[in-house]
1. Obtain the nm distance between the two label points defined at B:Y126 and A:D95 by a simple spin-label model: each point lies 7 Å from its Cα along the Cα-to-C-beta direction.
2. What is the dipole size for region A:198-311, taken about its Cα centre, with +1 at each Lys and Arg Cβ and -1 at each Asp and Glu Cβ, in debye to the nearest 20?
3. Classify region B:375-425 as rounded, prolate or oblate, taking a ≥ b ≥ c as the square roots of the eigenvalues of its Cα gyration tensor: rounded when a/c is under 1.5, otherwise prolate if a/b is larger than b/c and oblate if not.
4. Within 10 Å of each Cβ in A:406-418, how many Cβ atoms from other chains are there, averaged over the peptide?
5. How would region B:123-223 be classified by its alpha-carbon gyration tensor: rounded, prolate or oblate, with rounded meaning a/c under 1.5 and the a/b versus b/c comparison settling the rest?
6. When the dipole is taken about the Cα centre of region B:123-223, and only Lys, Arg (+1) and Asp, Glu (-1) are charged at their Cβ, what size is it in debye, to the nearest 20?
7. May I ask you to compute the full-extension gain from B:R393 to B:K368, defined as 0.36 nm times their residue separation minus their alpha-carbon distance, rounded to one decimal in nm?
8. Could you calculate the contour length gain from B:A333 to B:T136, that is, 0.36 nm times the residue separation minus the distance between their Cα atoms, to one decimal place in nm?
Amino acid sequence: MVNYGGDEVSALVLDIGTSTIRAGYAGDDTPKAVIPTCYGYTEEQGDGDVSMEGSEEGAQLPKKKTTLYVGQNGPSVWRAGMHVAHPVQNSLITDFAPIPAIVSHAFKEVMRTDPSEHPVLVTEPAWNTTENRERMAEIMFEEFDVPAFYIANTGVLNAFAAGKGSALVIDVGQSTASVTPIVDGFVLRKGLSHSGLPQLIYAHAKHTLTTPQPGRPGIQLIPHQLIANRQTVDATFPPKFTLREDRVPGVTDSWRSWYEAREVDEWVQSVAGVLDQGWNDQAAAQRGPRHYEFPTGYNTYFGAERFNVGELYFSHTPQLVASNPNLPKTIPALISSALTACDPDIRQVLLGNIVLTGGGSMLSGFADRLSAELQRNVSHVKIHAPGNPSERRYGGWLGGSILASLGTFHQLWISKEEWKEHGKAIIGQRCK
Amino acid sequence: MAGPSAADVRSVFSLPSTPGPSQPKAPAAPERARKPEGMSRELYSLIGQSAPTLVAQLAKPRLKQKPNLGGGGRVKWEWRSFQNQARSDGLRLSHWVKAGTPSDGEYPFAKYNVQNPTYTYTQDEYTKFLTDKEWTKEETDYLFDLVRQYDQRFYVVADRYEYPGGPPRSMEDLKDRYFSVCRKLVRDRPWPGDEATKSQILSSFSFDKEREVMRKKYLESLESRTQEEIAEEEALFTELKRLEQNERRFKKERDELLRTVLGIESGLPDVQADEEVVSGAPQLESISTTTTKKTKKKGVTEPDTPMSAGPSASNATVSLAPPVPKKQSAKSAAYDALHCIHRTEVPQLTTATATKAAHQPVYLRSYKLPAPKSANAHKIAQVLGELGVSSTRLVMPTKDNCQKLEALLEAATALVETKKQVDKIDQEIRLAQERLGQGSAEGDADGEAEDDTMDVDEPAEEGGRSQSVVSARSVRSSRGRKQS
């Protein structure tokens, strides 16, 4: 037992991201529960429609008279007048009100476990604020009554998931791309750099889809929940579908924009790609077009434009830079700013241990392009990019799963006793 | 199957139980001979008991014993709570342990919780030894606390260092301060151990800030090279490699030529050594080889290197070139005398070989024994043969012996020359007398005959000639000795 360094205490690992919340048992290789972070809510008029809540996983917040709909059947199920809210923005929790309900849904409804019996490890981004982590600890101790708690950095955990103590973690998430230098399991905060690059990608992709392009009209992003039926049409032909007119009045703006974001995201995930060796019109044209069908039935082949989207990760066109002075930094710019802030002695170490992670990095050709970009400037680069999608998407969770099942880690837990004795200050002392 | 079912049927129909075939079988079964070991069950049931002869041959095959992995019985595990001694609070977590292991023993991972020893100082010590105008005590305390927290990981310490109101500190500043304080504490405190460990600890705390800063600067400049600079460096490097290769090829060809033209006399040195001299790329070679390279270089280019023939060297290692007094320091002369080193002037062989690589190789002294001139060689050899000395081979070709042999050869040559002159003059005198006195024909023939006998061995004359030779030699050698 000691030889392998592992000692399972059946800890729970909770990784709250912008798009999904991952929860599972420490020691597992994939999270047991992956549920969306955003949630739907309806505002009740007086004490009316309580019966509606019946079958869905929801939690009633008595004071506000709103019903929350969380989990897989939360925002994705159409409900009249349902709004969708995002408690996490830029990887930081901005609204703690629904967090207990969402976490409780993950632990109790999906995993069917009682968090008061298990120590809980929670992740945080490297730029998390002190108030946020203290609030998180408070929720865990006060509302879930966990016996022990720890909050660990996603960058460090991603490095651990790759089996490295020192690494340069490139994490491309749904809302944020970050480059985090890790030395001996500690984040070098001065070298940390992050930007809202994926949001730019999303905006660009949405613009590409919805505006008319040469050869096709602008695409309507109509949720499938609002479509009664549709007919199969050939590629690039106008769609033939009928709307569910009864539902249309009940659609809120926030739900529609949530849906559009999801549809665009799906399109990016399945169609978009990155050219291996920098932008080149010819190379983009040579790569085969990809087929994609929207819920309306409209389907077409996407050629060069699918690489246009991915290209934004690595370079911004001069027109774009001229039109928008506050563009988020590209991945190479993030890397170079992270490296210049680091000591010259460890730059070589970091470059030899690059860990690519995050769902956004799963675009086809992303890792190849990254290594091409890096090798253009520095000689010895080694990129660790797990080929297994779940390892890439849930790298932070996986690292937490590894960390929380180590025998030597158990001395670091903040126990309830310590929480009661020292209060919030212990979080900063223990979780460095 | 058939037996019981038949009995069941009988009991169902309440028939009297007839003695079936199965009933006597049951008591008979134990009587049956046991299945012999090593025979498969299927085979035994086929041939039955009728194969007693086989039993002898069917010894149990000797197979390797199956490893006992201890997996025989079930292992019981239990969910048990435990106390981690590395924790200061009473948190009890639970894990699975094998049933039967003693409960509440020491937690096996607690031993990994090691704390690095850190230095602390009192206010008194600080004011006495550690004051620094750049640092306040509070900031030093803060630094020491961080270093302790992060286990001397200075990268992390420098990253997290945020002393309110303090000046910005680089990693070198922090290291310098930390190590200097540690050094001072070790030096100025009473030391219980011995001096060796103290100096060892002191040296482990040594930190040269200027050097580190300089090194980092160099490193940074190395990293901040532009693409063109890198390309230029690379081009220069390949150019250098190309030049080296050309030089090597040129040398190889020249050596080949020398070898074919001059044979052993070409004195080709080790090709490898030569290359290094010509390569002119000292940065490519490690420091350890540079010293040996230097000596090699000297050996190749300077002609007056010691061609040593020490006392321990074989006797055959003799050079016949006469010792030429060289301009050398008294010290080296004394050294040479002490080690029996004789320095020889290397003859310039030909103009063709008068290049920097054409040096005098090591050779055996016996190779360089002087050969008598070819015209008189035969006669000289004869003379030496009379003395019982071989002109081509010396048993002991030491320097002295070689010199003596050379002198002897010289004397013999002179003797033979003189003898020739004498004979010639004799002949002329005789001819003149004959011309004066008698007819010429007979005298001519006589003279020729006499000349012949002188060249060819003639036992009658041998004694006298040898005598004369010896006497001439003794005279010459004594003269030579006087000269030297």
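1. Distance between the two pseudo-spin positions: 5.0 nm.
2. Details: 11 positive and 13 negative charges, 47 e Å.
Approximately 220 debye in magnitude.
3. Cα axes put region B:375-425 in the prolate bin.
4. Working: counts 2, 7, 8, 1, 10, 11, 4, 5, 2, 7, 2, 5, 5.
Partner-chain Cβ atoms within 10 Å, mean over residues of A:406-418: 5.
5. On the way: a/c = 2.00, a/b = 1.28, b/c = 1.57.
Oblate, since a/c reaches 1.5 and b/c is not below a/b.
6. Values: 19 positive and 22 negative charges, 44 e Å.
In total the dipole reaches around 220 debye.
7. Working: separation 25, 0.36 × 25 = 9.00 nm, distance 1.05 nm.
The B:R393-B:K368 span can extend by a further 8.0 nm.
8. Numbers: separation 197, 0.36 × 197 = 70.92 nm, distance 6.62 nm.
Result: 64.3 nm gained on full extension.
The values are calculated or read from the model by the stated rules, or taken from the named source; none is laboratory data. Just so we're clear, the structure is a prediction, and the values are computed from it rather than from any experiment. Backbone-built Cβ (ideal geometry, glycine too); neighbour counts: all protein chains shown. Surface accessibility is based on the protein's heavy atoms, side chains included, excluding ligands, DNA and RNA. Shrake-Rupley method; radii C 1.70, N 1.55, O 1.52, S 1.80 Å.
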